[in-house]
Amino acid sequence: MQIDFSQPCVMAILNVTPDSFYAGSRMPDAEAVERRVRECLDQGAAIIDVGGYSSRPGADEVSPEEEWRRVELGVSAVCRAAPGMPVSVDTFRASVVRRVVGCFGKVIVNDISAGELDADMLPEVARLGIPYVAMHMKGDPRTMQSLTDYRRDIVTEVCDYFRRRVGDLLAAGIRPENIVLDPGFGFAKTLEQNYELLAGLHRLCALGFPVLAGVSRKSMIYRLLDTTPAESLAGTVALGWECLRQGATVLRVHDVREAVDTVRIFNKFRQ
């Protein structure tokens, strides 16, 4: 599978979970999942990202079997509604990736741990020859917000981390054209660190790999504005534009139409 990440595009979030941080994104049953898939297609998503394990701070553990049940529900809905639509699976478990590819064919893997929570992940992705989004995080969803101390500034730390980690990905056999980097906004970062990272995002983009930005309705918006995730759409659009301006090429979002409009306006502005 080859996805063109050279031009800005929108990845739609499909949370097949009961506990995602943004209540409006929770898809509790098959009917809701299929309705969400059709909505994402109609609004112009380029990729649908299916997740069965909430990675919000303090999220509860989900068994591999339950995660697979949720992911299978989401991916099958996408395949029915839009055969051939690029699908991303938001998981850090190689076993889930193996089962998805075995049932549905090649997908994109979106791994919040960059392969550090499952030693089998990188070899499995390399074996399958599929695109891989590696995200920066320390710890896991239960511990990450207690791990916000960095020796140097956050941008340098994240860029240095990816220089090392990309070497690990390549050594495992993942092809360079299949690598996408995600700075991990909100994962093991304070509010201030998130904005420092945003201000220096161009340095990560300069490493030469496509960059995915996931800022949609996150705490860096609603805590700053003293609001809620449900009231964070305008902030999401504003930060999405800035991510594009600095060189990110994938916006991972809850609100597809607004992000697609942002990309269209940005492309016209850039011309």
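The values are calculated or read from the model by the stated rules, or taken from the named source; none is laboratory data. What you are looking at is a predicted structure, and each value in this text was computed from that prediction instead of being measured. Heads up, the Cβs are rebuilt from the backbone with ideal geometry, glycines too, and the neighbour counts pull from every protein chain shown. Note: accessible area is taken over every heavy atom of the protein model, side chains too, but ligands, DNA and RNA are not part of it. Shrake-Rupley method; radii C 1.70, N 1.55, O 1.52, S 1.80 Å.
Among the residues of region 228-251, those identified as open to solvent by 50 Å² or more (accessible area, probe 1.4 Å) and without any contact (Cβ under 8 Å) to a residue 24 or more places away in the chain are 228, 231, 234, 238, 245.
Filtered by the rule that a residue be open to solvent by less than 10 Å² (accessible area, probe 1.4 Å) and either touching a helix residue (DSSP H, G or I) at 6+ places or on another chain (Cβ under 8 Å) or without any contact (Cβ under 8 Å) to a residue 24 or more places away in the chain (or both), region 92-112 gives 94, 96, 97, 100, 107, 109, 111. Hey, any hits in region 168-191 for a residue that's in contact with a Lys or Arg (Cβ under 9 Å, 6 or more places away or on another chain) and of a type in the set (Ser, Thr, Tyr)? Looking for residues that are in contact with a Lys or Arg (Cβ under 9 Å, 6 or more places away or on another chain) and of a type in the set (Ser, Thr, Tyr), one finds none in region 168-191, hence no. Criterion first (out of contact with any Ser or Thr (no Cβ under 7 Å at 6 or more places or on another chain), modelled with pLDDT of 95 or more and acidic (Asp, Glu)) does residue 255 satisfy it? Against the criterion (out of contact with any Ser or Thr (no Cβ under 7 Å at 6 or more places or on another chain), modelled with pLDDT of 95 or more and acidic (Asp, Glu)), residue 255 does not qualify. Of the listed requirements (1) aromatic (Phe, Trp, Tyr); (2) open to solvent by 10 Å² or more (accessible area, probe 1.4 Å); (3) within 20 Å of residue 14 (Cα to Cα), residue 185 misses just one: (2).
Picking from residues in region 55-91 that are part of a helix (DSSP H, G or I) and in contact (Cβ under 8 Å) with a residue 40 or more places away in the chain, the one that is surrounded by the fewest Cβ atoms within 10 Å (Cβ to Cβ) is 80.
Considering only residues in region 118-144 that are open to solvent by 30 Å² or more (accessible area, probe 1.4 Å) and at pLDDT 95 or above, the one that is nearest to residue 190 (Cα to Cα) turns out to be 118.
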